[in-house]
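> Before anything else, here's the structure in question.
Throughout, read-outs are computed from the coordinates displayed, never taken from laboratory work. These figures come from a predicted structure and were not determined experimentally. For neighbour counting, all protein chains shown are included, and Cβ atoms are generated from backbone atoms with ideal geometry for every residue, glycine included.
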Ligand code: NAI
Ligand code: 15L
């Protein structure tokens, strides 16, 4: 690609993945609410509030691929989620439709299906069961991606990311963890395959403990290499074992399922 846009580039995933994604494009266009200043040679910065349609249109112009990390990444007040994850996603897809229909990676979340129990293995055909405002906004984003594929032929990889951090932080994350290397390898496959369509992919490493089945997207050729199990002894030592009836043990979405609505 000539230019790959990464939204939310100042956040956790943007910061960790931008150097790993550099080989995908001549230029990485990095965007967040404020300018990013520590730019490498092949990077440019363009600040933009995703809720601002005109700014998003200017942002997307000239990009041949988009990794959409930007938005509210946890539960929060509806007005914040609405601006970033609802209006922001519509703005992004409208801008992409009008500007060459670049392939998109949409950072969805396991919280789109958070209310499936951990003792049920789910694949990418299940009906969404979001666990709050945040999860609802991710279901909305998945619907936008699907509609723009069916109506306009735009290709999106909808990635229901589990927990993408340097290492699992608690017992639930032994199942939901995805390493940065595995995510970068997935995104590379997404941009490499000649035909993508609009698949839903669960974003998790090759964890021994798992409640997600990615066999319907085996054709992507993505083979995660890391395994949360390697951190079990550390997690056992560092964090208390949750009670058997704790939300973190019962629900795939863990504590998000117990969190109250965030009133304005
Ligand atoms: P993060 O919160 O660290 O980064 C998100 C970035 O989006 C922030 O830098 C923030 O400034 C920016 N942002 C928020 N509202 C914005 C707006 N209105 N306009 C422009 N930029 C805005 O989150 P993280 O962990 O990097 O996650 C990236 C994406 O992946 C998010 O969409 C999140 O929902 C999704 N995700 C991440 C998971 C993880 O384990 N890290 C798990 C599941 C989903
Ligand atoms: C998410 O969707 C969040 O963005 C991330 O911060 C984690 O909380 C993750 O889910 C998780 O479920 O562990």
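> Would you calculate a helix-derived [θ] at 222 nm for the chain, using -39,500 (n - 2.57) for each DSSP H run of n ≥ 4 and dividing by the full residue count, to the nearest 500? Show your work: numbers first, answer last.
Numbers: 9 runs with 81 residues, N = 264.
Calculated mean residue ellipticity at 222 nm is -8500 deg cm²/dmol.
> Under a crude label model (7 Å from the Cα following the beta-carbon direction), how far is residue 223 from residue 123 in nanometres?
Rounded to a tenth, the inter-label distance reads 2.1 nm.
> What do you get for Rg/Rh over the stretch 39-185 if you use C-alpha atoms and the Kirkwood form of Rh? Before the final figure, lay out the partial values.
Working: Rg = 15.9 Å, Rh = 16.3 Å.
Checking Rg against Rh, the ratio lands at 0.97.
> I would also like to ask the following. Between residue 243 and residue 19, what's the calculated FRET efficiency when r is the beta-carbon distance and R0 is 30 Å? Round to 0.05. Could you put the intermediate results ahead of the total?
Details: r = 40 Å, r/R0 = 1.35.
E(calc), rounded to 0.05, equals 0.15.
> Build a GNM of the chain with springs between Cα atoms under 10 Å: which of 127, 148, 116 gets the top mean-square fluctuation?
Top of the fluctuation ranking is 127.
> Counting only DSSP beta bridges with both residues in the chain, tell me the antiparallel percent, nearest 5. Intermediate results must be reported in sequence, preceding the final value.
Numbers: 1 of 28 bridges.
Bridges in the chain are about 5 percent antiparallel.
> Right, something else. State whether the stretch 109-230 is rounded, prolate or oblate according to the following rule on the C-alpha gyration tensor (a ≥ b ≥ c being the square roots of its eigenvalues): a/c under 1.5 gives rounded; otherwise a/b larger than b/c gives prolate, and the remaining case gives oblate.
Details: a/c = 1.91, a/b = 1.23, b/c = 1.56.
Oblate shape, in that a/c is at least 1.5 and b/c is the bigger or equal ratio.
> Now for a separate question. Under 10 Å, Cα contacts only: if you run a Gaussian network model on the chain, which one of 244, 130, 168 comes out with the highest mean-square fluctuation?
Most flexible of the set in this elastic network: 244.
> In the Gaussian network model of the chain, springs joining C-alpha atoms below 10 Å, which of 144, 159, 121 carries the largest mean-square fluctuation?
Among 144, 159, 121, the largest GNM mean-square fluctuation belongs to 121.
> At a 10 Å Cβ-Cβ cut-off, how would you order 149, 68, fewest neighbours first?
On the way: 149 18, 68 25.
Placing the least packed residue first, the sequence is 149, 68.
> In the calculated pair distance distribution of the stretch 1-113, what percentage of Cα-Cα distances lie above 26 Å? Walk me through the intermediate numbers first.
Working: 775 of 6328 pairs.
More than 26 Å apart: 12 percent of the Cα pairs in the stretch 1-113.
> In degrees, nearest 10, range 0 to 90: what is the angle between the Cα axis of helix 88-98 and the longest Cα principal axis of the chain?
That helix lies at roughly 40 degrees to the long axis.
> Based on the alpha carbons, how large is the Rg to Rh ratio for the chain when Rh follows Kirkwood?
On the way: Rg = 17.7 Å, Rh = 18.6 Å.
Rg/Rh: 0.95.
> Let me ask something else about it. If neighbour count is taken as other Cβ atoms inside 10 Å, put 192, 248 in order from fewest to most. Write out the running numbers ahead of the final one.
Values: 192 12, 248 18.
Result, fewest neighbours first: 192, 248.
> Moving to a separate point now. Could you please rank 133, 69, 183, 115, placing first whichever residue has the fewest other Cβ atoms within 10 Å of its Cβ?
Working: 133 21, 69 24, 183 27, 115 18.
Going from least to most buried by this count: 115, 133, 69, 183.
> Right, another one. Gap in Å between the Cα centre of the stretch 1-45 and the Cα centre of the stretch 84-139?
22 Å
> Work out how much length residue 47 to residue 263 would gain on full extension: take 0.36 nm times their residue separation and subtract the Cα-Cα distance, in nm to one decimal. Please report the intermediate quantities before stating the final value.
Numbers: separation 216, 0.36 × 216 = 77.76 nm, distance 2.85 nm.
Gain on stretching residue 47 to residue 263: 74.9 nm.
> Stretched out fully, how many nm does the piece from residue 98 to residue 195 gain, at 0.36 nm a residue minus the Cα gap?
Working: separation 97, 0.36 × 97 = 34.92 nm, distance 2.06 nm.
That works out to 32.9 nm of additional length.
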